[in-house]
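Q: This is the structure I have questions about; it appears just below.
The values are calculated or read from the model by the stated rules, or taken from the named source; none is laboratory data. Predicted, not measured: the structure shown is a model, and the values here were computed from it. Positions of Cβ are generated from backbone atoms using ideal geometry, with glycine treated the same way; all protein chains shown enter the neighbour counts.
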């Protein structure tokens, strides 16, 4: 499978935990950005090639008008061979959507929405600098259903400042009550150059300890399973048949093509990243200059190690025999000592030629991935 990613870099407000390539207060760049994005799509050397998923992320894609988003998707479908049954996702902020906008998106061909809910507690939302309220989440989900969307994802974050297990449970239960087809339940990550990170460095941000964070993760597993969701990746839970196809392209290390500032592409073994700031992105498009900020070619064992790292995020794990066929390298033999060590630590299990993380290993994925890269 192959996917297309479109990055919309604008936000109403930069959230305290966010290190994504997003910008607030750049309203004057919106129209020139949309024009530049159309030009990048038109100039793509991969025109006419088949893609199976499309994902609009950000930033906040719904910062743009429904008409602008529809025109971008229409251009993609004209320029590329988008599969008839393609999963086409748009991320959305519950505080910046309307019923009319969602109807327009559905009519344009978007068939999946991903709402950045993060919490159902107003004080937690305010702490994160989110612009929406819990009531707006309920309204947005109702509007999405009325607009005809039958595939919804809700994002939630746990291990927030001063968050308790009981408050996390309440948010998860409320999310489940809305009956989305998919849930993404992420642990808070403190990233450099974010407000949360600087507060934590100064001792002004109190986070749940590791024991509580593990309890939150286990509680999420329990509540989602009881509600009929299955965990198919460390942070992702789906009703049967509603796994996010686009994200699975990333986790399988399959090809994807990115458009927009900061968008990453991985095609034909080559990975590159577009220039990040929207203003410079627009300037380069109009000047006919390359958009690439950096690029690398992945070959041999580097590709295998990266594929293992990504694929092990999926609960079903990875088939080493399939990797050997894909890369033409003796994967099982090469990593046998590492695999044996990780099995002994209780982080990995092996069934035939398939390896996967144990329940304990799901908590230590980063350390498992590092072990494969150090080989």
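Q: Right, residue 162: modelled with pLDDT under 95, within 22 Å of residue 223 (Cα to Cα) and not in a strand (DSSP E or B) or not?
A: Values: modelled with pLDDT under 95: yes; within 22 Å of residue 223 (Cα to Cα): yes; not in a strand (DSSP E or B): yes.
Yes.
Q: Also: Which residue out of 346, 269, 317, 288 is at pLDDT below 95 and either in the same structural domain as residue 187 (by TED's automatic domain parsing) or surrounded by fewer than 20 Cβ atoms within 10 Å (Cβ to Cβ) (or both)? Even if it seems obvious, please write down each step before you answer.
A: Numbers: 346 fails: at pLDDT below 95; 317 fails: at pLDDT below 95; 288 fails: at pLDDT below 95.
Being at pLDDT below 95 and either in the same structural domain as residue 187 (by TED's automatic domain parsing) or surrounded by fewer than 20 Cβ atoms within 10 Å (Cβ to Cβ) (or both) holds for just one of 346, 269, 317, 288, which is 269.
Q: Test of understanding: among 185, 190, 219, which residue is in a helix (DSSP H, G or I), closer than 24 Å to residue 122 by Cβ and assigned by TED's automatic domain parsing to the domain that holds residue 113?
A: On inspection, the qualifying residue turns out to be 219.
Q: So, one more: Would it be correct to say that residue 64 is free of Cβ contacts under 8 Å to residues at least 24 places away in the same chain, under 22 Å from residue 23 (Cα atoms) and in contact with a strand residue (DSSP E or B) (Cβ under 9 Å, 6 or more places away or on another chain)?
A: Details: free of Cβ contacts under 8 Å to residues at least 24 places away in the same chain: no; under 22 Å from residue 23 (Cα atoms): yes; in contact with a strand residue (DSSP E or B) (Cβ under 9 Å, 6 or more places away or on another chain): yes.
In short, no.
Q: Counting only residues that are under 18 Å from the mean Cα position of the chain (by Cα) and over 17 Å from residue 22 (Cα atoms), how many does the range 273-301 have?
A: 0
Q: Considering 115, 110, which residue is assigned to a loop (DSSP other than H, G, I, E, B), surrounded by 19 or more Cβ atoms within 10 Å (Cβ to Cβ), touching a helix residue (DSSP H, G or I) at 6+ places or on another chain (Cβ under 8 Å) and at negative phi?
A: Working: 115 fails: assigned to a loop (DSSP other than H, G, I, E, B).
The conditions single out 110.
Q: Looking at the range 1-51 only, could you name the residues that are out of contact with any helix residue (DSSP H, G or I) (no Cβ under 7 Å at 6 or more places or on another chain), assigned to a strand (DSSP E or B) and under 24 Å from residue 247 (Cα atoms)?
A: Selection gives 5, 7, 50, 51.
Q: Yes or no: residue 39 surrounded by fewer than 21 Cβ atoms within 10 Å (Cβ to Cβ) and at pLDDT below 95? Outline the logic, then answer.
A: Values: surrounded by fewer than 21 Cβ atoms within 10 Å (Cβ to Cβ): yes; at pLDDT below 95: no.
No; evaluated as a whole, the condition is false for this residue.
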